[in-house]
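Scroll down for the structure; my scribbles are underneath it.
Please treat every number below as a calculation from the coordinates, not as lab data. Keep in mind it's a predicted model, so treat the numbers as computed, not measured. Quick reminder, even Gly has a Cβ in these numbers, built from the backbone with ideal geometry, and neighbours come from all protein chains shown.
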Amino acid sequence: MSESLLIRIAEALERLVPAQPESADWLAFPAYVWDGKAARGIDPLEAPALDLMQGIDKQKAA
């Protein structure tokens, strides 16, 4: 096989591969949701204060 044919085959195969999702910037948001394909940042995060939680003393100390 000629080199030009191999290059054409390789380029055709690359077009068949699905595009990779952009890598998430894990420091940009306080929380993320996985949608099955990629992580989406959630902003703002409305989490309750740790003082309002009950029965989680061991986890709060960790």
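With +1 on each Lys and Arg Cβ and -1 on each Asp and Glu Cβ, and nothing else charged, work out how big the dipole of the chain is about its Cα centre, in Debye to the nearest 20.
Computed about the Cα centre, the dipole is about 180 debye.
Counting helices only, and only those DSSP H runs with n ≥ 4, report the 222 nm mean residue ellipticity of the chain as the sum of -39,500 (n - 2.57) divided by its residues, in deg cm²/dmol to the nearest 500.
-9000 deg cm²/dmol
In degrees from 0 to 90, rounded to the nearest 10, what is the angle of the helix 3-16 Cα long axis to the longest principal axis of the chain?
That works out to roughly 30 degrees.
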